[in-house]
1. Relative to the present Cα-Cα distance, how much length would full extension add between THR151 and ALA101 at 0.36 nm per residue of separation?
2. Could you compute the net charge surrounding LEU15? Neighbours are other residues with a C-beta less than 15 Å from the C-beta of LEU15; K and R count +1, D and E count -1.
3. Label LEU43 and HIS86 with points 7 Å out from Cα along Cα→Cβ: what is the distance between them in nm?
4. Taking square-rooted eigenvalues a ≥ b ≥ c of the alpha carbon gyration tensor, is the range 163-265 rounded, prolate or oblate, where a/c under 1.5 means rounded and, failing that, a/b exceeding b/c means prolate?
5. Applying the Karplus parametrisation 6.51 cos²θ - 1.76 cosθ + 1.60 with θ = phi - 60° to the phi angles of the range 247-255, what ³J(HN,Hα) value in whole Hz is obtained for each residue in order, glycine and proline being reported as x?
6. Calculate, in nm to one decimal, what VAL174 and LYS198 gain on full extension: separation in residues at 0.36 nm each, minus their alpha carbon distance.
7. If the cut-off is 29 Å between C-alpha atoms, which lysines fall inside it for LYS10, apart from same-chain ones fewer than 8 positions away?
8. Given the -39500 (n - 2.57) contribution per DSSP H run of 4+ residues, what per-residue ellipticity at 222 nm results for the chain, rounded to the nearest 500 deg cm²/dmol?
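Every number here is computed from the coordinates shown, using simple stated rules; none is lab data. Note that the coordinates shown come from a computational prediction; the quantities given were computed from them, not determined experimentally. Methodologically, a virtual Cβ is constructed for each residue, glycine included, from the backbone with ideal geometry; neighbour enumeration extends over all protein chains shown.
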Amino acid sequence: MSIPDPSSAKLFRVLQTQAGISRRKALDLVLAGEVSLDGRPILDPFLVLDPTDGHRVALRGHPLSLHPREPRVYRFHKPAGMLCSHDDPHSGNTAGRLLRAEGFLGYTWAGRLDQDAEGLLLVTNDGDLVQASSHPRYEVRKTYHVWLAETPSSASLERAFRIMQAGIEDEGEVLRILEGRIDSTARCAAVTLAEGRKHEVKRLFARCGYSVTRLLRVAVGSVELGRLAPGAIERLPQAEEARLLEDARRLLDKTDAERGCHSDDDSV
Ligand code: URA
């Protein structure tokens, strides 16, 4: 048996890394006949390609390089007022514009924040990490500091946390926090959630009678915002980056296997 070149990659992985799309999307595009190999449609997303073989791969006619891009992960402190959008005709202040201006080509963020919210976004060129960190199914824990218009007593806030932990029905969804506490240093409420539904924190507090005046995301999974200044972007330490990418890969492989999707351990 011949030993594969270490830079060989499965077709769906090439699409993911070169086009910055999720693995699900990459699989779908191949199966839909949108990908060609040497000018002919190729329908096997798991075909292993060696970049030294001189094959030509194109997605919707657009040529893609077979040389793997290095996956990277950065912490970004989104300031209040910035929109989590790649382009918005009504606002020049978008995360996409900032990333392009800073040379982050093919990068996106994992998990959105409202325009008026601040705090930690993971910025990456790795489609698996985007999917694993942002889809409600994967239940990544996110912690927020929350400031309120009112100044409730500790007892009222603790009661609200218990209600939020039990789950609150809102617009046909059950929203809940995993943990709530009063952060005496930041003088605010601190809540941890695992689902990431739209406006989830504001909706939970609103259902308990409080309106949120400031929302700061301080942690996503094991990654913390720390002292990163608003607007700053900083690469994760290499060991942390590698662990995060590996965890995302494992999580998605496990889900694919559970759904009966063909995906091997070596699908890197
Ligand atoms: N919950 C919200 O209400 N807004 C966010 O931006 C994030 C979580």
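1. 13.9 nm
2. Working: positive: LYS10, ARG13, ARG23, ARG24, LYS25, ARG56, ARG60, ARG69; negative: ASP28, GLU34, ASP44, ASP126, ASP128.
Local net charge: +3.
3. Taking the two extended label points, one gets 2.8 nm.
4. oblate
5. 4, 5, 4, 4, 4, 6, 4, 5, 5
6. 7.4 nm
7. LYS25, LYS254
8. Counting only the DSSP helices, I get -8500 deg cm²/dmol.
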